[in-house]
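Peer 1: Take this structure, written in structure tokens, and hold onto it; I'll ask about it next.
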Amino acid sequence: MSVREATPVTASTEPPPPALRASARSRRRRGGQWWVPWLFLAPALVLFLYFKFIPMGQAIVMSVQDVKPYLGSTWVGTANYGEILSSESFRSATWNTILLAIGQTGGSMALGFGLALLVEGQTRKLSFIRSAAFLPVVVPMAVVAELWRIMYHPTSEGLLNQIIGLVGLGPSGFINHPDTSLGSIMLTGIWRGAPYDMMIFLAGLAGIDRGLYEAATVDGASTRKRILHVTLPGLRPVFAILFVLAAVRGFRSFTEVFLLTNGGPNGSTEVVMTLIYKLGLEQNRLGVGSAGAVLLFLATLVLTICVQLLRRRRSA
């Protein structure tokens, strides 16, 4: 009986294909240079840390202290929060802030969406119109406020009063009258914020499948139905993002209010940001002002989280 000798199995010594070698080198290179993006981000992160996050931490600490510059601070716990929450001026400023945020958010999104539908396209003329429409965003807020202050001149010689006089309406006080001052500031915010929303809407419109429009046209859908059943559903994520951005922008309104009315007349345009400024820098009540700032931050944070949760629930 013959015995068969087993032949040992040896590992293949053939080199891996070039694609695998290149992939391995790429992974090693990425793994060894993970710090390169952080190196480029480091200057911005340092600035954010020094000018934003450290002051935020200091504001939280000051909100529970009776701050006395150069004399030392004493711990008061939640007394500053209780004082500002029980203040009638804070409640009035909060209500004005909510109204201003709702008006500016809805107005800027509606106007931005309408502008996006009008200027959507790739022609050279539309590119020029989009650039011209975006100019209010890049103009400094101080210039915008002074421009609208001139247009809001309360006499019949004012620009806007001359325009409404053409339809038989009498001169309005605009920012000089308690009944119209908040609406006037709201109009200024909408004029400045709508072009920014327009550009984001344009980016969202570019991502909608054109085949859906063609199919809707073949089915005989009108322009209104195409907007309702194709455009708006396709822009749902854009609306969620813009709602958060516009709402935060409305809650943090300060410069236009400060420059146009400084909270007047008779507190009709006082918002939380201007009240915090007056408490902290004019009345030297830094602890109470810091408590108001923390409350405003928490309200903005809660709003952002709620919108994101609602968005995820709908997309699930």
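Peer 1: Which condition breaks for residue 194 when tested against (1) in contact with a Gly (Cβ under 7 Å, 6 or more places away or on another chain); (2) at positive phi?
Peer 2: (2)
Peer 1: Identify, please: which residue in segment 148-207 is of a type in the set (S, T, N, Q) and touching a residue at least 40 places away in the same chain (Cβ under 8 Å) and is, among those, nearest to residue 114 (Cα to Cα)?
Peer 2: Within segment 148-207, the first condition is being of a type in the set (S, T, N, Q), and the residues that meet it are 155-156, 161-162, 172, 176, 180-181, 184, 188.
Among the residues that remain, those that are also touching a residue at least 40 places away in the same chain (Cβ under 8 Å) are: 176, 181, 184, 188.
Numbers: 176: 31, 181: 26, 184: 21, 188: 18 Å.
By that ranking, first place goes to 188.
Peer 1: Residue 72 - would you say it is closer than 26 Å to residue 279 by Cβ, surrounded by fewer than 19 Cβ atoms within 10 Å (Cβ to Cβ) and over 26 Å from the mean Cα position of the chain (by Cα)? Give the steps one after another, and end with the answer.
Peer 2: Details: closer than 26 Å to residue 279 by Cβ: yes; surrounded by fewer than 19 Cβ atoms within 10 Å (Cβ to Cβ): yes; over 26 Å from the mean Cα position of the chain (by Cα): yes.
Considered against the rule, which asks whether it is closer than 26 Å to residue 279 by Cβ, surrounded by fewer than 19 Cβ atoms within 10 Å (Cβ to Cβ) and over 26 Å from the mean Cα position of the chain (by Cα), residue 72 comes out as yes.
Peer 1: Continuing with this model, one more query. Being assigned to a strand (DSSP E or B) and of a type outside the set (Ser, Thr, Tyr) is the filter here, so list the residues in segment 41-81 that pass it. First the steps, then the outcome.
Peer 2: Filtering segment 41-81 for residues assigned to a strand (DSSP E or B) gives 65-66, 74-75.
Passing the criteria: 65, 66, 75.
Peer 1: If you take the residues in segment 278-293 that are in a helix (DSSP H, G or I) and surrounded by fewer than 20 Cβ atoms within 10 Å (Cβ to Cβ), which one is modelled with the highest pLDDT? Step through it out loud before you land on a result.
Peer 2: So the first thing to find is which residues in segment 278-293 are in a helix (DSSP H, G or I), and the list is 278-282, 286-293.
If we keep only those that are surrounded by fewer than 20 Cβ atoms within 10 Å (Cβ to Cβ) too, we end up with 278, 281-282.
Numbers: 278: 91, 281: 85, 282: 87.
Of everything passing the filter in segment 278-293, 278 is modelled with the highest pLDDT.
Peer 1: While we're looking at this one, here's another question. Pairs, please: C-beta under 8 Å, at least 6 apart or cross-chain, first residue without any contact (Cβ under 8 Å) to a residue 60 or more places away in the chain and in segment 77-95, second in a loop (DSSP other than H, G, I, E, B)?
Peer 2: Listed pairs, sorted by first residue: 77/64; 78/64.
Peer 1: Let me ask you something else. Assess whether residue 303 counts as being part of a helix (DSSP H, G or I), modelled with pLDDT under 90 and among the hydrophobic types (A, V, I, L, M, F, W, C).
Peer 2: Working: part of a helix (DSSP H, G or I): yes; modelled with pLDDT under 90: yes; among the hydrophobic types (A, V, I, L, M, F, W, C): yes.
Here the answer is yes, as residue 303 does meet what is asked.
Peer 1: Sticking with this structure for a sec: Which ones in segment 268-316 are under 19 Å from residue 102 (Cα atoms) and among the small types (Gly, Ala, Ser)?
Peer 2: Once the filter is applied, which keeps residues that are under 19 Å from residue 102 (Cα atoms) and among the small types (Gly, Ala, Ser), segment 268-316 yields 268, 299.
Peer 1: Next up: Within segment 102-128, how many residues turn out to be in a helix (DSSP H, G or I) and either more than 14 Å from residue 183 (Cβ to Cβ) or in contact with a Cys (Cβ under 7 Å, 6 or more places away or on another chain) (or both)? Working first, answer last.
Peer 2: Applying the first criterion (in a helix (DSSP H, G or I)) to segment 102-128 yields 102-119, 124-128.
With the extra rule that they be either more than 14 Å from residue 183 (Cβ to Cβ) or in contact with a Cys (Cβ under 7 Å, 6 or more places away or on another chain) (or both), the set shrinks to 105, 108-119, 124-128.
Summing the residues that are in a helix (DSSP H, G or I) and either more than 14 Å from residue 183 (Cβ to Cβ) or in contact with a Cys (Cβ under 7 Å, 6 or more places away or on another chain) (or both) in segment 102-128 gives 18.
Peer 1: Considering segment 230-259 alone, what residues qualify as being surrounded by fewer than 18 Cβ atoms within 10 Å (Cβ to Cβ) and either outside any helix (DSSP H, G or I) or in contact with a strand residue (DSSP E or B) (Cβ under 8 Å, 6 or more places away or on another chain) (or both)?
Peer 2: Within segment 230-259, 252, 254 qualify.
Peer 1: Scan 126, 135, 147, 159 and give me the residue that is modelled with pLDDT under 85 and of a type outside the set (Lys, Arg).
Peer 2: Working: 135 fails: modelled with pLDDT under 85; 147 fails: modelled with pLDDT under 85; 159 fails: modelled with pLDDT under 85.
None of the others qualify; the one that does is 126.
Peer 1: Let me ask another. Within the group 266, 262, which residue is without any contact (Cβ under 8 Å) to a residue 40 or more places away in the chain and outside any helix (DSSP H, G or I)? Spell out how you get there, then give the answer.
Peer 2: Values: 266 fails: without any contact (Cβ under 8 Å) to a residue 40 or more places away in the chain.
On inspection, the qualifying residue turns out to be 262.
Peer 1: Pick out the one residue from 211, 168, 204 that is outside any helix (DSSP H, G or I), over 17 Å from residue 257 (Cβ atoms) and not aliphatic (A, V, I, L, M).
Peer 2: Working: 211 fails: outside any helix (DSSP H, G or I); 204 fails: outside any helix (DSSP H, G or I).
None of the other options fit; the residue is 168.
The values are calculated or read from the model by the stated rules, or taken from the named source; none is laboratory data. This is a predicted model, so every value here is computed, not measured. In this analysis, Cβ positions are derived from the backbone assuming ideal geometry, glycine residues included, and neighbour counts consider all displayed protein chains.
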